[in-house]
Amino acid sequence: MRYIITIFLCLLSCASISAQEPAFFYATMTVHHAEELSKDAPNEIEIIATYRNEAAVRLTPTGSHKLHDRILTHGPGYIHRNSEEDAISAIRKSNNRSESNTRATANFSITEDVVVIPTLDLIQTQNIEDHIIELENYGTRHHSSSTGTQAAIDLKEKWEAMALFYNRTDVSVRLFDHTNTGMPSVILTIEGAEFPDEYVIVGGHLDSTSNQNSTNNAPGADDDASGIATITEATRALFEIGFVPKRTIEVMAYAAEEIGLVGSNEIASEYAANNIDVIAVSQFDMTLLNGSSNDVSFITDFTNSDLTSYMMSLLDHYNTEAPHQVTYSTSVCNYGCSDHASWTEQGYMAAFPFEANFGQHNNQIHTTGDTFSLTNTASHATKFAKLCAEFLIEVAKNDNTALSTDDIIASSIFVTIADNILTYDLSSTTKDIIGIRLYSIEGKEVANVSNISKQDQIRIAPLSTGVYIASFISQDNTNITKKLIVK
Ligand code: BES
Ligand code: ZN
């Protein structure tokens, strides 16, 4: 009888497990850790294939928890894969751990002092703190929880409101739906004014976890509300300074990082499949705790060394003195520990400036103790927000060419827009006028007409109310510009 009850109970519990979560999933990890787990828990993992140092495995959720429990003491994690084929092809990609497989090389330069220096003064620690607490207050942002999904929906609204506040018509925010999680990622896009097909990306992960349990309280203040708050404040400062990028900027809040980089993996794979030209990616995951003698620790594995050196040179250039001083060093994770690894794997250049040397980082992550009250200040995160703003401005570059021609502000010329008709009279100038360009206050070209006469009326597309700049192009290239207001 006892046996019958035991079998019955087992049937019940087995059935409830399979109803909640699949019996196994595919993943990749180092051969060493796959073998360790096989010894420890032979029923929870099956090694399908190995290539060099990487193993493609079938893993049960219990096996992944066992692995994860070791992670904080030993380091390694795993990366979730969609299928057996994906897992096998991922380990065969020539070199996931370094830059040898990058798609493109870009020339990174430091030229934007006039934009970057005033931006640094605009970054507010208080905004980062408020945002971390706001995210902590969801209780959990576990990818499978309703509050996790709600956090994504709310972040989209927050970013939209921010763009609206600064009148940014060149900004859009979307949810990116995933196959392997119900939680969407959030992507804010600032369309590049000159090279919209070239992308510069910063990201962090929005989900949180606490001992891998979806119902546990998982404040995830450092891991990784801090990263989301950091990139949000850097973006806000860019808006405040009126920065219009030449290249397209994307700010990403990834879903489901904690279960194996699921959100970033799907995004990076889609970008690669569509051949999207991503110039550079920086990850911001854990910026809150100042655990080492240096401020930033650049993670040097699963990242691109050229991009890492470039980020170091940004700090050398902009952050050697108070109040913006930031010191740095390097460290390694020894495994693909965050979303930068998803981009590296797809052959993109990625960097990962991290809060401390590995091992000296916040030891409360993945517990209910990962709260803002642990530090009670986001002054460390502020340093990362500065680096983030420098990275975005310098890699995307300011679109200052459009309005950088000599300006002759002529009060005697007449320009007005009413009922979609632009009326102008430049008969008082001696210049030969060959065209007109009209820019919105964010520097976006909204009209471009050539072969015009000195005095005319031109029908243009409807414009929203606001301030515009009309630039009359003359033969000798000394333009006449005039501000006008559309009511
Ligand atoms: N923020 C951590 C990554 C991290 C932790 C970097 C400690 C450096 C030191 C991230 O959210 C995380 O937890 N990653 C997993 C691995 C991932 C592939 C599931 C980890 O490290 O256990
Ligand atoms: Zn984590």
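The values are calculated or read from the model by the stated rules, or taken from the named source; none is laboratory data. What you are looking at is a predicted structure, and each value in this text was computed from that prediction instead of being measured. With ideal geometry, Cβ positions are generated from the backbone for all residues, glycine too; neighbour counts draw on all protein chains shown. Ligands, DNA and RNA are excluded from the accessible area calculation, which covers all protein heavy atoms including side chains. Shrake-Rupley method; radii C 1.70, N 1.55, O 1.52, S 1.80 Å.
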Exercise. In segment 444-475, what count of residues is obtained for those that are out of contact with any Gly (no Cβ under 8 Å at 6 or more places or on another chain) and not in a strand (DSSP E or B)?
Worked result: 10
For this session: Give the residues of segment 215-267 that are away from ligand 2 (no atom under 16 Å from the Cβ) and on the phi > 0 side of the Ramachandran plot, sorted by residue number.
Result: GLY242
For this session: Say whether the condition of being closer than 30 Å to THR465 by Cβ and modelled with pLDDT of 95 or more is met by at least one residue in segment 141-154.
Result: yes
Exercise. Right, ILE153: more than 30 Å from LEU120 (Cβ to Cβ) and either in a helix (DSSP H, G or I) or without any contact (Cβ under 8 Å) to a residue 60 or more places away in the chain (or both) or not?
Worked result: yes
Exercise. Do you know which residues across segment 456-468 are open to solvent by less than 30 Å² (accessible area, probe 1.4 Å) and closer than 14 Å to THR416 by Cβ?
Worked result: ILE458, ILE460, TYR468
Exercise. So, of the residues in segment 19-45 that are open to solvent by 60 Å² or more (accessible area, probe 1.4 Å) and either within 20 Å of SER342 (Cβ to Cβ) or assigned to a loop (DSSP other than H, G, I, E, B) (or both), which turns out to be modelled with the lowest pLDDT?
Worked result: GLU21
For this session: Can you confirm whether segment 397-420 contains a residue that is under 30 Å from ILE117 (Cα atoms), at pLDDT 90 or above and either within 41 Å of the chain's Cα centre (by Cα) or of a type outside the set (D, E, K, R) (or both)?
Result: yes
For this session: Answer with yes or no whether ALA280 is within 16 Å of ligand 1 (Cβ to nearest atom), touching a strand residue (DSSP E or B) at 6+ places or on another chain (Cβ under 9 Å) and assigned to a strand (DSSP E or B).
Result: no
For this session: Inspect segment 193-207 for any residue being surrounded by 22 or more Cβ atoms within 10 Å (Cβ to Cβ), touching a Phe, Trp or Tyr at 6+ places or on another chain (Cβ under 9 Å), modelled with pLDDT of 95 or more and acidic (Asp, Glu) and give the result as yes or no.
Result: yes
For this session: Look through segment 318-328, keep the residues that are of a type in the set (Ser, Thr, Tyr) and farther than 25 Å from LEU261 by Cβ, and return whichever of them is surrounded by the most Cβ atoms within 10 Å (Cβ to Cβ).
Result: TYR318
For this session: Check whether at least one residue in segment 332-351 is without any contact (Cβ under 8 Å) to a residue 40 or more places away in the chain, within 9 Å of ligand 1 (Cβ to nearest atom) and either in contact with a strand residue (DSSP E or B) (Cβ under 6 Å, 6 or more places away or on another chain) or under 30 Å from ALA90 (Cα atoms) (or both), and report yes or no.
Result: no
Problem set entry | Subset of segment 250-273 [more than 14 Å from the chain's Cα centre (by Cα), open to solvent by 10 Å² or more (accessible area, probe 1.4 Å) and within 11 Å of ligand 1 (Cβ to nearest atom)] | GLU258, ILE259
Seminar exercise, completed: Restricting attention to segment 239-270, the residues that are hydrophobic (A, V, I, L, M, F, W, C), modelled with pLDDT of 95 or more and in contact with a Pro (Cβ under 8 Å, 6 or more places away or on another chain) number exactly 1
Problem set entry | Residues of segment 300-317 classified as open to solvent by 20 Å² or more (accessible area, probe 1.4 Å) and part of a helix (DSSP H, G or I), total | 7
For this session: From ILE231, ILE276, grab the single residue that is open to solvent by less than 10 Å² (accessible area, probe 1.4 Å) and within 16 Å of the chain's Cα centre (by Cα).
Result: ILE231
Exercise. If you take the residues of segment 216-227 that are away from ligand 1 (no atom under 12 Å from the Cβ) and more than 14 Å from LEU374 (Cα to Cα), which of them is most open to solvent (accessible area, probe 1.4 Å)?
Worked result: ASN217
Exercise. In segment 413-441, what count of residues is obtained for those that are aliphatic (A, V, I, L, M) and open to solvent by 30 Å² or more (accessible area, probe 1.4 Å)?
Worked result: 4
Exercise. Among the residues of segment 177-192, which ones are of a type outside the set (A, V, I, L, M, F, W, C), part of a strand (DSSP E or B) and surrounded by fewer than 21 Cβ atoms within 10 Å (Cβ to Cβ)?
Worked result: THR189
Exercise. Is segment 155-176 home to any residue that is open to solvent by 10 Å² or more (accessible area, probe 1.4 Å) and either outside the structural domain of CYS388 (by TED's automatic domain parsing) or within 15 Å of ligand 1 (Cβ to nearest atom) (or both)?
Worked result: no
For this session: Scan segment 332-357 for residues that are open to solvent by less than 40 Å² (accessible area, probe 1.4 Å), within 16 Å of ligand 2 (Cβ to nearest atom), of a type outside the set (A, V, I, L, M, F, W, C) and not in a helix (DSSP H, G or I) and jot them down.
Result: TYR335, GLY336, SER338, ASP339, GLU355
For this session: Please work out if GLN360 is open to solvent by 20 Å² or more (accessible area, probe 1.4 Å), more than 12 Å from ligand 1 (Cβ to nearest atom), under 30 Å from MET29 (Cβ atoms) and not hydrophobic (A, V, I, L, M, F, W, C).
Result: no
Problem set entry | Condition check for SER297: open to solvent by less than 10 Å² (accessible area, probe 1.4 Å) and either in contact (Cβ under 8 Å) with a residue 60 or more places away in the chain or away from ligand 2 (no atom under 16 Å from the Cβ) (or both) | yes
